[in-house]
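The structure under discussion appears below in the form of structure tokens.
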Amino acid sequence: MMTTLADKVALVTGASRGIGAAIARHMAAAGATVVVNYHSNQEAAEQVVADITSQGGNAVAMQCDVSDFKASEQMIKQIKKDFGRLDILVNNAGTTRDNVIMMMKEEDWDLVLNTNLKSAWNCSRAAARIMMRQRSGRIINITSVAGISGNAGQTNYAASKAGMIGLTKSLAKEIGPRGITVNAIAPGFVRTDLTAELIDEIQDRIIEMTSMRRLGTADDVAALAVFLASDAAGFITGQVIAVDGGMVL
Ligand code: NAP
């Protein structure tokens with residue numbers, strides 16, 4: 001087992017499936033104790049924990065709707081109580097409700113903004129309180145190339161992801177002096193429950209637009225998350241790093 005994250009405690013939101021599950025697995029393999037947060041999919045979250053444990057890692061599942069301010073605060077208080085610290089927060093939980101603007105409903109806007117953007121603010125606020133006292137910490141926000149270049153049919157999603165970039169840069173300036181880095185990862189297309197349908201429709205076009213001529217994998221994203229969480233990345237902050245095989249250049 002690599003030990004780049006030995007003795008660190010990490011919270012990965014939305015870690016029951018997809019990219020979050022891969023980040024949880026990679027961070028645990030690097031030696032971190034990982035809190036696998038989920039919203040409704042307890043069985044999948046417990047499976048991620050079981051996989052990690054069977055590999056000799058440490059993990060627990062924690063249910064919380066991270067779009068809920070009080071519940072997020074409560075979860076992070078619980079982590080401090082259970083583990084005594086919080087070193088790494090990965091704001092990964094996310095969802096989509098795609099449609100052209102005339103067909104998009106107000107509740108589609110609210111759900112996506114609350115799940116993707118407000119959640120990151122909720123968890124960052126509660127985590128920053130602990131990290132500032134520790135005088136160290138890592139916050140990693142999973143944004144998207146859609147937040148950089150926009151995407152027709154995703155006004156809500158792209159706005160939430162662009163909002164995460166503003167949050168990343170502002171918080172990096174605010175809490176850098178306390179030893180905390182804040183960065184964003186912008187994945188291209190990775191096949192998960194979130195994107196499977198879309199990728200099935202336009203896979204050839206995506207691959208054509210991508211320099212590396214393939215889709216991304218959750219492992220591609222997780223590898224960068226582990227690096228950004230490590231001590232070696234201590235002078236990198238406020239950055240938005242694309243993991244998109246050269247799609248948005
Ligand atoms: P996914 O497979 O659909 O998984 C979404 C995860 O978020 C699940 O673990 C889900 O928990 C959790 N979640 C949703 N709402 C939540 C809430 N209110 N509170 C707590 N957890 C919640 O998605 P993914 O593709 O892995 O995406 C992960 C992140 O990467 C998202 O922020 C997404 O926008 C971003 N991203 C993905 C891609 C891509 O191509 N896949 C590209 C760019 C960016 P449950 O299982 O309990 O529902």
(request) Being touching a residue at least 40 places away in the same chain (Cβ under 8 Å), within 16 Å of the ligand (Cβ to nearest atom) and under 14 Å from Ile52 (Cβ atoms) is the filter here, so list the residues in segment 17-34 that pass it. (result) Gly20, Ala21, Ala22, Ile23, Arg25, His26, Met27
(message) So, in segment 218-243, exactly how many residues are in contact with a Pro (Cβ under 7 Å, 6 or more places away or on another chain) and open to solvent by 20 Å² or more (accessible area, probe 1.4 Å)?
(response) 1
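Let's see how each residue does on (1) open to solvent by less than 30 Å² (accessible area, probe 1.4 Å); (2) acidic (Asp, Glu); (3) more than 17 Å from Asn156 (Cβ to Cβ); (4) without any contact (Cβ under 8 Å) to a residue 12 or more places away in the chain:
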{"residue": "Gln55", "(1), (2), (3), (4)": "no, no, yes, no"}
{"residue": "Asp68", "(1), (2), (3), (4)": "no, yes, yes, no"}
{"residue": "Ile79", "(1), (2), (3), (4)": "yes, no, yes, no"}
{"residue": "Asp82", "(1), (2), (3), (4)": "no, yes, yes, no"}
{"residue": "Val90", "(1), (2), (3), (4)": "yes, no, yes, no"}
{"residue": "Glu106", "(1), (2), (3), (4)": "no, yes, no, yes"}
(request) Working only within segment 30-51, note down all residues that are of a type in the set (Val, Ile, Thr) and open to solvent by 10 Å² or more (accessible area, probe 1.4 Å). (result) Thr33, Val49
(request) Could you give me the residue pairs with C-beta distances under 8 Å whose first residue belongs to segment 205-228 and is closer than 30 Å to Asp87 by Cβ, whose second residue is crowded, with 16+ Cβ neighbours inside 10 Å and of a type in the set (Asp, Glu) wherever it lies, and which are 6+ apart or on separate chains? (result) Gly216/Asp244
(message) For the condition open to solvent by less than 20 Å² (accessible area, probe 1.4 Å) and either farther than 25 Å from Ala21 by Cα or of a type in the set (Lys, Arg) (or both), what is the one hit in Lys118, Lys161, Lys169, Lys173?
(response) Lys161
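Can you give me the number of residues within segment 20-60 that are among the aliphatic types (A, V, I, L, M) and farther than 25 Å from Ser136 by Cα? Talk me through it step by step, then tell me what you get.
Here is the first cut: in segment 20-60, the residues among the aliphatic types (A, V, I, L, M) are 21-24, 27-30, 32, 34-36, 44-45, 48-50, 52, 59-60.
From what is left, the residues that are farther than 25 Å from Ser136 by Cα are 44-45, 48-50, 52.
Matching residues across segment 20-60 total 6.
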(message) I want to confirm something. Restricting to segment 144-199 and keeping residues that are more than 11 Å from the ligand (Cβ to nearest atom) and of a type in the set (Val, Ile, Thr), which single residue is farthest from Arg133 (Cα to Cα)?
(response) Thr155
(request) All but one of (1) open to solvent by 10 Å² or more (accessible area, probe 1.4 Å); (2) away from the ligand (no atom under 16 Å from the Cβ); (3) under 19 Å from the mean Cα position of the chain (by Cα) hold for Met131, so report the exception by its number. (result) (1)
(message) If Val12 meets every condition in (1) under 15 Å from Thr192 (Cβ atoms); (2) open to solvent by 20 Å² or more (accessible area, probe 1.4 Å) apart from one, which number is that one?
(response) (2)
(request) Among the residues of segment 176-217, count how many are among the hydroxyl-bearing types (Ser, Thr, Tyr), in a loop (DSSP other than H, G, I, E, B) and surrounded by 13 or more Cβ atoms within 10 Å (Cβ to Cβ). (result) 4
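The values are calculated or read from the model by the stated rules, or taken from the named source; none is laboratory data. Keep in mind that this is a model prediction, so the values were computed, not measured. Cβ: placed from backbone, ideal geometry, glycine included. Neighbour counts: every protein chain shown. Ligands, DNA and RNA are stripped out before the accessible areas are found, and what is left, the full protein with its side chains, is counted by its heavy atoms. Shrake-Rupley method; radii C 1.70, N 1.55, O 1.52, S 1.80 Å.
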